[in-house]
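A short write-up of the structure that comes next.
Quick note: the coordinates plus some simple rules give every number you see, no bench work behind them. Remember, predicted model here, so these are calculated numbers, not experimental data. Please note: Cβ atoms are built from the backbone with ideal geometry, for glycine as well, and neighbour counts cover all protein chains shown.
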Amino acid sequence: MKMLKEDLEFLTTLAQEFFKQEDIVYKLNQFLDNQIKGWEIWLQVEFALFLFKHPNVSEIEREKRYELDKRMSKDKDICSIDFLIRQKYKQSSIPLEIKQHENASNCIRYMLKDIEKYEKVRDSSTTTGRSLWCLGLHPTVEDDYLEKLINENKFREINPDFVTSQVIEGTKFSFTLL
């Protein structure tokens, strides 16, 4: 539990710093104003560039491929995780998936599916003993509604102590980390 708490704090700090950048806020507002959809890859690239120069990150890997356990996954052999982030002075990396959707419900649902997908990774294929985290970017919704979306999932129970959602100042977006 201590590692989960530390990982949540570290990733929350990274997300807060990332979404405070003026150019990121400006672009998020432009996407909304111009009704641009499907900018998840842009978000991942911008986040990667941010991580490369972050003083508390020693290494990142993008699109790390893992073999899936064929007993649990009949349709696919491999999956890719968006990021493996190694914090300075830590031995193992934190796996992180990033999702973006113009609908909060869909964003949370896709985040939860990614957690389910990661649980199908073969034990011998993993290089980290850390839990997968998902960072989702979606329109801001009421806290009660967001909690309901997370708790409606059918995959597994999500511990509310390891979930954070924060409004991105200057936008109509929030980020959720679970």
- Item | Label-zone membership for region 34-57, site Asn106, 7 angstrom Cα→C-beta point, backbone N under 18 Å | 34-44
- For labels at Glu147 and Lys20 in the simple 7 Å Cα→Cβ model, what's the distance in nm? 2.7
- Determine the calculated [θ] at 222 nm for the chain from helices alone, applying -39500 (n - 2.57) to every DSSP H run no shorter than 4 residues and normalising by the residue count; nearest 500 deg cm²/dmol. -12000 deg cm²/dmol
- Task: Among Leu51, Gln91, Leu11, flag the residue with its Cα farthest along the positive direction of the charge dipole of the chain, charges on Cβ as +1 for Lys/Arg and -1 for Asp/Glu.
- Result: Gln91
- Provide the descending list of Cα extents for the chain along its principal axes, expressed in whole angstroms. 45, 37, 30
- Give the long-range amide H neighbours of Ser58: residues separated by 5 or more places, or on another chain, with amide H under 5 Å away, using H modelled in the peptide plane at 1.01 Å from N. Arg86, Gln87, Lys88
